[in-house]
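For reference, the structure is listed below as structure tokens.
The values are calculated or read from the model by the stated rules, or taken from the named source; none is laboratory data. Remember, predicted model here, so these are calculated numbers, not experimental data. Cβ placement follows ideal geometry from the backbone for every residue including glycine, while neighbour counts extend to all protein chains displayed. These accessible areas exclude ligands, DNA and RNA; they are computed on the full protein's heavy atoms, side chains included. Shrake-Rupley method; radii C 1.70, N 1.55, O 1.52, S 1.80 Å.
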Amino acid sequence: VQAVFRSNLSHLLELMGSGKESLIFMKKRTRRFTAQWTKAAKHLAQKLGDARRDQKQILVHIGFLTEESGDVFSPRVLKGGPLGEMVQWADILAALYVLGHSLRITVSLKELQSNLGVPPGRGNCPLTVPLPFDLIYTDYHGLQQMKQHMGLSFKKYRCRIRVIDTFGTEPAYNHEEYATLHGYRTNWGYWNLNPKQFMTMFPHTPDNSFMGFVSEELNETEKQLIKDSKASNMAVVYGKEASIWKLQGKEKFLAILNKYMEIHGTVYYESQRPPEVPAFVKNHGLLPQPEFQQLLRKAKLFIGFGFPYEGPAPLEAIANGCIFLQSRFSPPHSSLNHEFFRGKPTSREVFSQHPYAENFIGKPHVWTVDYNNSEEFEAAIKAIMNTQVDPYLPYEYTCTGMLERIHAYIQHQDFCVGPSPVPSGAHTSQSPFVLAPNATHLEWAQNISSVAGAWPPTHSLRAWLAAPGRACTDACLDHGLVCEPSFFPYLNSQDAFLKLQVPCDSTEWEMHHLYPAFAHPGQECYLQKEPLLFSCAGASTKYQRLCPCRDFLKGQVALCQGCL
Ligand code: UDP
């Protein structure tokens, strides 16, 4: 069956069921975005022409909403609990539905079992029941439930699963044996999935797929209206939970901010004013999303105190014409030094509250400063008050951008076939390797576009030998490119080192998340023995890593040029 774009979302709203506070929040959001999704569908339909798209049978199992995993969120929806997850799930559902796929949505174990065809109480039956779905979107909670209740089918069908994973899972943590041997064990990792099956909220690690969410897109008239009605001295504080106001040292910078601006908060409270929030702050309590947007439209500044990390709100603020001010983290926060990240399956270092805002948006919309430095902080406030900005939303966070990305994933990502074999001719192409001006970097301009069916298409591959201690994520960014882990197999050969003129004295195959790499003392070249361990993340001063990079579309880092 061919998938047909949908513009009426009322059937989706029915599919989403009812009752839970979280579902109500999500449905309101879906309703509010209907017009934008419809427009986006038209846009993408035009772009794709009459290219054939198969309709997929898709199960969406939102594990964290099931009672069996504690459903910790639903009761907190009205109290400022993490709404970010719900924003993302609502948008994923809308995108899948608008793309024309056939959807089932489950938020309880019972529904999951009946949809999987597993008889209740027979979770561990040794039979493999045929799976009636081409794709399953779930989260870590759901993954655990499926493992428990699918018996042998889980192993057989896990290649069809996609895991919505806000902060990301690095390959070293994903590979069970390797993680165990090398101390990368966590509460969440060791699933031995293809790392691209994990889908993140921001494009923070190219080892995973970037799923994202959407924010409201304004037309020119609306933008102008917002610009004209901004109160240049109005600031809104990022964060709905009172705990963020307990941050040490905030008195100093709050006092400075208070000199220049009227400070507004949206901190949840029951009957009294939360004691953590100073009296000079105008607290609105937790607002319904549309009212929160209205507040952002009037405000000039959206200010982060360092927590929560990497949520949707700063993007919404910037989309509504605010400037986002946030603190720089020095040293960076990570699972090694911060409670929040502890036990999460990533070593990623976070250099500010919202690295995406800092690195992908930046000035004039985003200012990242040292909050302990009063002069720097005060200068930023003054400068911000005098800076005019237009509302801005990166393309990848528009409905069209998200639709395009999910379409590409569904069309091209297939983890049920093994890693694509490297054709024998791939490394014997006549195209030369180009020696970059900087002698430690070599560019591989080899043309291996002939690898049929590879996605992303191999013509976008650019290989670089990273400097010692440099991760492939960073090495690629240094060249205006992004690391593409699915290209690692093309570099993982003696021939590739030869082409890059790396003087290997000897070559060895080992299991190591930094390989392929060149080790300096000893001039030894190491190749990767375990395809699951190919990793853009990770660095050691001992190694110069061989890195597969690719180009990307402006505003859509998940896709390369010609990737759709
Ligand atoms: N939000 C809201 N009311 C408020 C403040 C925020 O509905 O008073 C919404 C906001 O629009 C955003 C969502 O809460 O989409 C999540 O916000 P945040 O970035 O704080 O992420 P979280 O930490 O909740 O995941």
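Quick look at the values:
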quantity: DSSP beta bridges in the chain [antiparallel fraction, %, rounded to 5]; calculated: 35
quantity: Total formal charge among the other residues, if their Cβ is under 9 angstrom from that of residue 336, Lys/Arg +1 and Asp/Glu -1; calculated: 0
quantity: Per-selection Rg to Rh, region 253-338 - Cα, Kirkwood hydrodynamic radius; calculated: 0.98
quantity: Debye, to nearest 20: dipole size of the chain, +1 on Lys, Arg Cβ, -1 on Asp, Glu Cβ; calculated: 1200
quantity: Straight-distance crosslink candidates among lysines, where the alpha carbon sits under 22 Å from residue 227 and sequence neighbours closer than 8 are dropped; calculated: 298, 300, 363, 382
quantity: HN-Hα J in Hz across region 254-263 - Karplus 6.51, -1.76, 1.60, θ = phi - 60°, x for Gly and Pro; calculated: 5, 4, 5, 4, 5, 5, 9, 9, 8, 9
quantity: Shape of region 1-105, Cα gyration tensor, a/c cut at 1.5; calculated: prolate
quantity: Translational diffusion of the chain, µm² s⁻¹ [Kirkwood Rh, Cα pairs; Stokes-Einstein; 25 °C; 0.890 mPa s]; calculated: 98
quantity: Proximal lysines to residue 47, defined as alpha-carbon separation beneath 30 angstrom and excluding residues fewer than eight positions away on the same chain; calculated: 27, 28, 39, 56, 196, 223, 554
quantity: Estimated 222 nm signal from helices in the chain, with DSSP H stretches of n ≥ 4 weighted -39500 (n - 2.57), rounded to 500; calculated: -8500 deg cm²/dmol
quantity: Peptide ranges 160-170, 512-522 listed from the most packed, as the mean C-beta count within 10 angstrom indicates; calculated: 160-170, 512-522
quantity: Cα centre as origin, Lys/Arg/Asp/Glu Cβ charges: region 141-201 dipole, Debye; calculated: 320
quantity: Cα gyration tensor of region 496-563 - equivalent ellipsoid semi-axes, whole Å, descending; calculated: 27, 13, 11
quantity: Protection proxy ranking of 146-154, 4-12 - average other beta-carbon atoms within 10 Å, highest first; calculated: 146-154, 4-12
quantity: Pairwise FRET efficiency - residue 287 versus residue 18, Cβ, R0 = 25 Å, nearest 0.05; calculated: 0.65
quantity: Neighbourhood charge, 14 Å Cβ-Cβ cut-off, centred on residue 55 and excluding it, Lys, Arg +1 and Asp, Glu -1; calculated: +3
quantity: Unit charges at the beta carbon, dipole of the chain: most positive-side option, 311, 83, 34; calculated: 34
quantity: Carbon plus sulfur fraction of accessible area for the chain, probe 1.4 Å, in percent; calculated: 52
quantity: Convex hull per residue volume in Å³, alpha carbons only, for region 305-420; calculated: 134
